[in-house]
Amino acid sequence: MQRLTLASRPHGSLTTEHFAIEEVASPTAADAALLLRPRFISVDPYMRTRMQAQGYGYIRRWEPGSVLSGYTAAEVVASRHPDWAAGDWAIGHLPMQELLAHDGNGLRHAPSGEPPLAWLHPLGMTGFTAWLGMSLLGQPRPQDCVLVSAAAGAVGSIAAQLAREAGARVIVSAGREDKRAWLRGLGFDTVLDHRAPDFGEHLQRVAPEGLTLDFENVGGRAFAAAIDAMRSGGRVIVCGLISQYQSPRPRQAPANLAWLGERGVAVIPFVAPDYGDRFEAFLRDMSPRVASGRIHWRLDMVQGGLEAIPSALIGLFEGDNLGKRVVAL
Ligand SMILES: NC(=O)c1ccc[n+]([C@@H]2O[C@H](COP(=O)([O-])OP(=O)(O)OC[C@H]3O[C@@H](n4cnc5c(N)ncnc54)[C@H](OP(=O)(O)O)[C@@H]3O)[C@@H](O)[C@H]2O)c1
């Protein structure tokens, strides 16, 4: 059986050389109450932060030799657990390996039948993050002018729709034309390119009275442009700063950050693991919206199993993905 490990710690851009596939003995049904076969594994930007030598203390660091892990939809192959039967779908944060023995703790049931892919996106960690940042912390109102960067990605696409459902005016950005076309297809009429050198000028043009809410996913120059565009009394939800994660100094703030203080803009950083007690409330709120199709979601499914995970993850930092990237095993 194969599993995916971190071969060495990256200093700078992640390459496939930083990963290794190991051959180990397969677990058997006798090893634990459940034998699981991972079928779909989510790849996410935070995985790069787990490889940093320091910082990002909200999640356990990966060391060279660590088996990687991720949010996974797994099939139950065999069960001696009263709550689980062979053929069930289990959702959990699981090691990246072809087969695994598990005691059932921390696993969530997903409905039987279709692969439970919604549980890896709008009803999973990325949907939860969007809901926390936008609905719980950002609390958009009809009078708001909201910017969501990286809005053709997993968190951004859901966050932008939640702001629009709340009645706010929503400006979205994405770094590639097909992504911007997809966002226009979802009905967003102000779609910018946060990678363009003149992003700041475009922002000022489409929001001359300023932004009242920035849902920040990108960081760096794009964040600096959003800061310049903030209206007094607004709020910045710091969801993520992906443009910084490959940098040897990944926590650098834009040089104009202090302006937010002068303008009385609230800066609200958050990490989803701090809000675990809100997950059930999130599911109650989000499930009907997803079931009715009111929230659109798109997967970026990569085939190829464990071997495909390194390049699928690296691609997130190159903007390869449109929608939520998941690897099929
Ligand atoms: N606070 C939390 O608990 C939490 C939880 C989950 C995710 N997050 C954060 O949310 C953000 C989005 O995550 P996601 O999972 O939804 O990923 P995603 O948006 O599906 O994929 C990442 C996207 O980021 C953009 N990007 C990557 N590198 C960039 C760079 N150097 N400059 C500008 N844009 C870049 C690309 O979009 P373009 O092609 O459009 O540029 C890329 O497609 C990330 O910052 C992530 O860390 C935070």
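The values are calculated or read from the model by the stated rules, or taken from the named source; none is laboratory data. In this text, all values refer to a predicted model and were calculated from it rather than measured experimentally. Note: ideal-geometry Cβ built from the backbone for every residue, glycine included; neighbour counts use all protein chains shown.
Do we have residue 263 as within 16 Å of the ligand (Cβ to nearest atom) and either basic (Lys, Arg) or on the phi > 0 side of the Ramachandran plot (or both) here? The answer is no for residue 263. Is one or more of the residues making up the stretch 228-243 within 24 Å of residue 202 (Cβ to Cβ), acidic (Asp, Glu) and in contact (Cβ under 8 Å) with a residue 12 or more places away in the chain? Within the stretch 228-243 (the criterion being within 24 Å of residue 202 (Cβ to Cβ), acidic (Asp, Glu) and in contact (Cβ under 8 Å) with a residue 12 or more places away in the chain), the answer is yes, since at least one residue qualifies. Checking each residue in the stretch 259-276 for being within 19 Å of the chain's Cα centre (by Cα) and free of Cβ contacts under 8 Å to residues at least 24 places away in the same chain picks out only 276. Within the stretch 286-297, identify whether any single residue is within 15 Å of residue 120 (Cα to Cα), surrounded by 15 or more Cβ atoms within 10 Å (Cβ to Cβ), modelled with pLDDT of 95 or more and aromatic (Phe, Trp, Tyr), and answer yes or no. Looking for residues that are within 15 Å of residue 120 (Cα to Cα), surrounded by 15 or more Cβ atoms within 10 Å (Cβ to Cβ), modelled with pLDDT of 95 or more and aromatic (Phe, Trp, Tyr), one finds at least one in the stretch 286-297, hence yes. Could you please let me know if residue 306 is part of a helix (DSSP H, G or I), in the same structural domain as residue 67 (by TED's automatic domain parsing) and more than 16 Å from the ligand (Cβ to nearest atom)? Considered against the rule, which asks whether it is part of a helix (DSSP H, G or I), in the same structural domain as residue 67 (by TED's automatic domain parsing) and more than 16 Å from the ligand (Cβ to nearest atom), residue 306 comes out as yes. Checking each residue in the stretch 3-39 for being over 30 Å from residue 112 (Cβ atoms), in contact with an Asp or Glu (Cβ under 8 Å, 6 or more places away or on another chain) and charged (D, E, K, R) picks out only 9. For the stretch 39-61, a residue qualifies if it is buried (at least 17 other Cβ atoms within 10 Å of the Cβ) and either of a type in the set (Asp, Glu) or near the ligand (Cβ under 9 Å from one of its atoms) (or both), and the qualifying residues are 42, 43, 44, 45, 46, 48, 49. Here residue 207 qualifies as in contact with a Cys (Cβ under 6 Å, 6 or more places away or on another chain) and surrounded by fewer than 24 Cβ atoms within 10 Å (Cβ to Cβ). All conditions in (1) farther than 22 Å from residue 251 by Cα; (2) more than 16 Å from the ligand (Cβ to nearest atom) hold for residue 230, with the sole exception of (1).
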